[in-house]
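Reading through the structure tokens given below for one structure.
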Amino acid sequence: MTDDPLIALRPWEAPEVTSWGRLPMNAVDRRSGVLPLDGDWRFQLLPAPDAPVGGSWSSAYVPGAWTVQGTDDLPRYTNVRMPFPEYPPHSPAANPTGVYEREVDVPAEWAGRRIVLQVGAAESVLLVHVDGRPVGVSKDSHLAAEFDLTGRVRVGARSVVRLTVIKWSDASHIEDQDQWWHGGITRSVLLYATDPLHLADVTVRASGSGKLRVDCRARDAGGALPEGWYVSGELEGQPLTQDEEFDRFNAEDERVSDFLGEARLRTVVEDVRTWNAETPELYSLTVRLHRADGTVADTSRHRTGFRDVEITGRDLLVNGERIFVRGVNRHDFHPLTGRTVSYDDMRADLITLKRFGFNAIRTSHYPNDPALYDLADELGFYVVDEADIESHDHAHEIADDPRYLHAFVDRVSRMVLRDKNHPSVVIWSLGNESDYGANHDAAAGWVRRHDPTRPIQYEGAAKLDWADPSVASDIACPMYASLEECVAHALSGRQTKPLIWCEYSHAMGNSNGTLADHWAAIESTPGLQGGFIWEFWDHGILQHVNDGRPVGRGGVGLHDNGVAAPGHRWAYGGDFGELLHDGAFIADGVVFPDRTPKPVMFEHREIAAPVRIECFRHEGIVLGNHQHFRGLAWLTGDWELSLADGRTLTSPAELPDLRPGETAAVPLPFELPEEGGEAWLTLRVTTAGDEPWATRGTVVCLPQVRLREAVPQAPVMLKNRSVEVDGDGLLVHPLLTCAPTLSLWRAPTDNDELGGMAPRWRDWGLDALVRKVTDVRQSPGQVTVHAEYACEAGVVRHLQVFTAVEGAIHVAESAELPDELDDVARVGSVFETVAGLDLMEWYGQGPWESYPDRAFGAPVGHHSVPVDELFTPYLRPQESGGRHGVRHFTLSAPDATGLAVVLDEPRQVGVSRYRAADLTGVTHHDELVPRAGCVVHIDAAHRGLGTASCGPDTTASYLVAPGVHRWSWTLRAL
Ligand code: GAL
Ligand code: MG
């Protein structure tokens, strides 16, 4: 039997207990005058919360998860299912419990002051003791807990603070988010001191009209409020006015309670510079609580943005404008710490997002680190702030379980109390994937009363009926609903709420097919306003390959190219020995674990382009400003004319002064040369000066228009030259180590696997086609080879006609797919080259990776990329590195020898160091052994990528149909 009342209460199995002894959440700024307690703490990991604390201590760093700090309790990944079988509210008997302890020296000058301990975040139950005496309990793993230590810590002397963190609890069942399970104190710990009579909360309302209202509450730790105290405020140095009507500090006012004072300050800012994500104008606001003699007892500093958020009809408006929400879902993630993120990390995340055209973040699926919101205010993002509630595995039971009622209201209300003053927060989210029940309505009711200024969203409620006004969601915020279904809803006449996907375009592996089609529809369909891509991060934890341990804080092994350094790898589910796990489903972000952007980011940047080429008319190029609030003065540009014959002409561009939504024609910057073939004009738009998120000259977008089409050229056959094939009808060529054969297979992407396509392809045997030559015919200058490729689904007839042409071999091919093969990965040729060809140069779309349904905005031009860098190192190796719309390319050695290929029309080309079989044979990037030569795919047709790992597959137009496919190309030595 324990004599510790906090343990005796068994709070880890009591959902009704959300806290004990915890101070109310508030939005008062406590950043100055704090005593940080971050650093190494004494630490021991107990096997269960009620196990006795032993005498032997190691140490653990705070903030941090112990799961990446050398303990035997390692990270685990499960998506929906709980990692233990116990039914809510129970948790397993084996329940790692971290005991953190350290001495704290409270400065003597804090005598007489109220002393508060703040624990930034602890998962999932926190118990606090000071000098062996119980202080409090808290749950809610992603929000801070504060405890009043006045009279509990010794002032001017040393006290021992113990923080006990219990990993599994009733709360774990409502923190069942799709991410790694960790344990520990993942945000900073600190002490601060206030006057006993202190600011208890500050609520700022600043509207787009320039009206500011600041509601302040004061509380006296000791009891009654003394007479004569008051509150003052200033905005950018200008004093605010007291709202006498509301002043409840005055003793004559009978409404004054004796322990709580309230005051309201106001002002109106003339010609206010409103806040929006494009021009995030902030004003500094200071609120002070004064003693009767005028001296300052407490101060809170804020940065305020004046803006309005409202829903009118089915439009979400910011400052009256119907904005597009170009969002992403973001977790607090780091490949070394697992969960703990620094200010610099978050700033780098947001800068990356800004640079790639994002303007919105959903804090999936819990309130993120507080600094994220400051950064979002400052850099300009619309934030959907989401409460820490996901009961995915037991959603239905918990949504209406009264034992969890208080936890729901507690979590939602604490988030709102903390984040209400951030202009960036435009929508509150009640949580994620927790079904829909009375507990949600209770939480929604609290928010509606406390903060009527912002809409609420909750997917679990909205999905009952996107148009139903009675459910707790002001937004129709579907998850992975098909574009077709969303467009149909918008056109149905039934729509009552803005439609903004809370999750769409699942970014697992080589993915995000049809993103541009989504945006074409969003921008042209009233009622559709955007969405949040799932998700920002690939949550690969950096792991030592030799012993399987996480590298942990301060470790090395990070590169900046998406690949873990030698001897390391990005761990995903199962890599820490977990038997129950969901594998690589944790790696589904638009950036790699080291924040290297994946190719989809470049496409997103173009989709979000603020300046676009609308069209090319005789009078010139029509440019449009696609922003909501900003002119074009912050941008500048260069024109680039790219001709198929290899020439690129450039000239500086002058951007017209366009207001949002305006267009104007500018003269064509070049006289189009008569010769040169296909011609493309690109406007390279860059920042004209330094932006907070980009230095001057940073590329913002590359809009493009075709000025002249290609004229097809028929190759001239040379009958006096010969073409050599071997006894199997395979082309013999000095630069090829494997002759061109037919390929219908790609190393399955995550979408191919989880969407069920790859299993079909394997059943059909597309990964192991058996080639049989049926006929070889030679004529002067030409060889015709008929072959059959047998698989389970039938026989594919393949024809190759090799013809000698001037300095080259022309290869004309056709393949006839039986009707059974109604959805294959590709139809095309694959061959391999000699070693030493290290550089690919091409005319076509690029330079980044592109696929048929993810090829928007990759400009057509002359591109040059080392072969090793063409490959995209998706965490689970798969088809990667393709380039769409390639017209011709070379593969060359440093001495400029090599080969050149000219294609009959723009085609999907893949050049890699790996065969498809090399990629499918391994599970992690570090196992791959690059080949010396190049593996080259030229595709007549290549299947789109889609997003079927968790969402819609690609659409019909990107599928590879059965029947006859024809393609041709010429191969020449350089
Ligand atoms: C959603 C969920 C996310 C994540 C995603 C798949 O259903 O809200 O947390 O699991 O699917 O990656
Ligand atoms: Mg989930």
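The values are calculated or read from the model by the stated rules, or taken from the named source; none is laboratory data. As the structure is a prediction and not an experimental result, all values here were calculated from the model. Note that we place each Cβ from the backbone using ideal geometry, even for glycine, and neighbour counts take in every protein chain shown.
Brief remarks on what is shown
- Within this structure, Thr525 fails the test of being farther than 25 Å from Pro498 by Cβ, out of contact with any Ser or Thr (no Cβ under 7 Å at 6 or more places or on another chain) and polar (S, T, N, Q).
- Filter result for Asp29 (among the charged types (D, E, K, R) and farther than 17 Å from Ala144 by Cβ): no
For (1) surrounded by 18 or more Cβ atoms within 10 Å (Cβ to Cβ); (2) within 16 Å of ligand 1 (Cβ to nearest atom); (3) under 27 Å from Glu535 (Cα atoms); (4) modelled with pLDDT under 95, each residue gets a yes or a no:
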position	(1), (2), (3), (4)
Ile174	yes, yes, yes, no
Trp180	yes, yes, yes, no
Arg187	yes, no, yes, no
Tyr192	yes, no, no, no
Val214	yes, no, no, no
Arg219	yes, no, no, yes
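Residue-by-condition table, conditions (1) farther than 24 Å from Met601 by Cα; (2) within 16 Å of ligand 2 (Cβ to nearest atom); (3) crowded, with 23+ Cβ neighbours inside 10 Å; (4) hydroxyl-bearing (Ser, Thr, Tyr):
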| position | (1), (2), (3), (4) |
| --- | --- |
| Leu528 | no, no, yes, no |
| Gly531 | no, no, yes, no |
| Trp537 | no, yes, yes, no |
| Gly540 | no, no, yes, no |
| Gly554 | yes, no, no, no |
| Leu558 | no, no, no, no |
| Val563 | no, no, no, no |
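- Taking (1) part of a helix (DSSP H, G or I); (2) in contact with a Lys or Arg (Cβ under 9 Å, 6 or more places away or on another chain); (3) of a type in the set (Asp, Glu) in turn, Glu606 satisfies each apart from (2).
- Residues in region 222-238 that are part of a loop (DSSP other than H, G, I, E, B) and either in contact with a Ser or Thr (Cβ under 8 Å, 6 or more places away or on another chain) or free of Cβ contacts under 8 Å to residues at least 24 places away in the same chain (or both) were compared, and the one that is surrounded by the most Cβ atoms within 10 Å (Cβ to Cβ) is Glu236.
- Strands (runs of 3 or more DSSP E) enclosed by region 173-221 - at least 3 residues per element that are among the hydrophobic types (A, V, I, L, M, F, W, C): 184-194, 197-206, 211-220
- Qualifying residue in region 921-934 (condition: modelled with pLDDT of 95 or more, closer than 23 Å to Asp767 by Cβ and buried (at least 24 other Cβ atoms within 10 Å of the Cβ)): yes
- Residue within region 412-425 that is within 16 Å of ligand 2 (Cβ to nearest atom), under 21 Å from Val17 (Cβ atoms) and surrounded by 19 or more Cβ atoms within 10 Å (Cβ to Cβ) present: no
- Unmet criterion (only one of (1) within 16 Å of ligand 1 (Cβ to nearest atom); (2) over 27 Å from the mean Cα position of the chain (by Cα)) for Pro906: (1)
- Hits in region 126-179 (condition: of a type in the set (D, E, K, R) and in contact (Cβ under 8 Å) with a residue 40 or more places away in the chain): Lys139, Asp140, Glu146, Asp148, Arg154, Arg158, Arg162, Lys167, Asp170, Glu175, Asp176, Asp178
- When each of Val62, Val68, Val99 is tested for being more than 16 Å from ligand 1 (Cβ to nearest atom), in contact with a Leu (Cβ under 9 Å, 6 or more places away or on another chain), more than 17 Å from Thr337 (Cβ to Cβ) and not acidic (Asp, Glu), the lone residue that passes is Val99.
- Residue identified as closer than 29 Å to Leu974 by Cα, out of contact with any Lys or Arg (no Cβ under 7 Å at 6 or more places or on another chain), among the hydrophobic types (A, V, I, L, M, F, W, C) and without any contact (Cβ under 8 Å) to a residue 40 or more places away in the chain among Val827, Val865: Val865
- Whether a residue is in contact with an Asp or Glu (Cβ under 8 Å, 6 or more places away or on another chain) and aromatic (Phe, Trp, Tyr) was assessed, and Tyr100 does not pass this test.
- Tally of residues being within 15 Å of the chain's Cα centre (by Cα) and either of a type in the set (A, V, I, L, M) or within 13 Å of ligand 1 (Cβ to nearest atom) (or both) across region 532-553: 8
Rundown of residues vs (1) at pLDDT 95 or above; (2) exposed (fewer than 15 other Cβ atoms within 10 Å of the Cβ); (3) closer than 26 Å to Glu321 by Cα, yes/no style:
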{"position": "Ser651", "(1), (2), (3)": "yes, yes, no"}
{"position": "Glu654", "(1), (2), (3)": "no, yes, no"}
{"position": "Pro660", "(1), (2), (3)": "yes, no, yes"}
{"position": "Pro667", "(1), (2), (3)": "no, yes, no"}
{"position": "Glu671", "(1), (2), (3)": "no, yes, no"}
{"position": "Glu674", "(1), (2), (3)": "no, yes, no"}
{"position": "Leu681", "(1), (2), (3)": "yes, no, no"}
{"position": "Thr686", "(1), (2), (3)": "yes, no, yes"}
{"position": "Ala694", "(1), (2), (3)": "yes, no, yes"}
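Here is a yes/no grid of residues against (1) in a strand (DSSP E or B); (2) hydrophobic (A, V, I, L, M, F, W, C):
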position: His786; (1), (2): yes, no
position: Ala790; (1), (2): yes, yes
position: Arg797; (1), (2): yes, no
position: Val801; (1), (2): yes, yes
position: Ala804; (1), (2): yes, yes
position: Ile809; (1), (2): yes, yes
position: Ala812; (1), (2): yes, yes
position: Ala815; (1), (2): yes, yes
position: Leu821; (1), (2): no, yes
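- Residue list for region 939-974, filter: under 30 Å from Glu806 (Cα atoms) and not small (Gly, Ala, Ser): Asp939, His942, Val964, His965, Arg966, Trp967, Trp969, Thr970, Leu971, Arg972, Leu974
- Counted residues, region 801-815 - those being among the small types (Gly, Ala, Ser), in contact with a Ser or Thr (Cβ under 8 Å, 6 or more places away or on another chain) and more than 15 Å from Ser829 (Cβ to Cβ): 2
- Any hit, region 893-900, residues being outside any strand (DSSP E or B), among the hydroxyl-bearing types (Ser, Thr, Tyr) and buried (at least 22 other Cβ atoms within 10 Å of the Cβ): no
- Taken over region 239-277, the criterion of being assigned to a loop (DSSP other than H, G, I, E, B), at pLDDT 95 or above and crowded, with 16+ Cβ neighbours inside 10 Å is satisfied by Leu240, Val269, Val272, Thr274, Asn276, Ala277.
- Single match in Ala111, Ala65 (criterion: hydrophobic (A, V, I, L, M, F, W, C), more than 16 Å from ligand 2 (Cβ to nearest atom) and surrounded by fewer than 18 Cβ atoms within 10 Å (Cβ to Cβ)): Ala111
- Top-ranked residue in region 319-340 [being of a type in the set (A, V, I, L, M, F, W, C) and buried (at least 23 other Cβ atoms within 10 Å of the Cβ); ranked as nearest to Gly431 (Cα to Cα)]: Val328
- Unique residue being in contact with a Phe, Trp or Tyr (Cβ under 7 Å, 6 or more places away or on another chain), touching a residue at least 24 places away in the same chain (Cβ under 8 Å), part of a loop (DSSP other than H, G, I, E, B) and over 30 Å from Ala277 (Cβ atoms) when the list is Pro669, Pro673: Pro669
- Any hit, region 640-648, residues being outside any strand (DSSP E or B), without any contact (Cβ under 8 Å) to a residue 40 or more places away in the chain, touching a strand residue (DSSP E or B) at 6+ places or on another chain (Cβ under 9 Å) and closer than 24 Å to Ala520 by Cβ: no
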